[in-house]
């Protein structure tokens, strides 16, 4: 009897950080191994966009467009890596509050795993895994795999 994969669809939030890229690479390996769908999401954080727009001469819309362009770069990069493994990756860009958009998309798509990067911390700060990752864990409709920025370092 053939074992079925515990996964059918993996969602990977991408923000361009090393940890999010590592999460994407690990998710690609899992997706290729289990022959499952993968979706990458980049959320333009409205609060961050407002802060940038308020401290520069750019408008809010221009700021969001610039952030989307950067986000698209990372989505394209990971999608190319997925393509090299024979996977077709979906890409989503949303604006809003990151953890809400990520959990909302997970519900919409019926994903059964979210692979998310965590910001690296040292010393006493190690207990904190990153505010977005922590909030995704709290409101996700499925298991969340938190990937360290560099798993070889203690």
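We did not get these values from a lab; they are worked out from the coordinates using the rules stated. Model, not experiment: these values are computed from the prediction. Positions of Cβ are backbone-derived with ideal geometry, glycine not excepted, and every protein chain shown enters the neighbour counts.
Here are a few things to note about the model shown:
- Protection proxy ranking, peptides 41-49, 3-11, 18-26, average beta carbon neighbours within 10 Å, highest first: 18-26, 41-49, 3-11
- Compactness index (Cα Rg / 2.2 N^0.38 Å), the stretch 1-86: 1.36
- Extending 7 Å from Cα along the Cβ direction at residue 54 and again at residue 80 yields two label points whose distance is 3.7 nm.
- Helix 46-55 axis, angle to the chain major axis (alpha carbon atoms, nearest 10°): 30
- In degrees, nearest ten, helix 18-34 long axis to first principal axis of the chain (Cα): 30
- Potential lengthening of the chain between residue 32 and residue 3 amounts to 8.9 nm, from the contour at 0.36 nm per residue minus the alpha-carbon distance.
- Segment residue 70..residue 46, full-extension length gain: 7.1 nm, with 0.36 nm per residue of separation and the alpha-carbon distance subtracted.
- If you wrap the stretch 15-147 in the convex hull of its Cα atoms and look at it from every side, the mean projected area works out to 8.5 nm².
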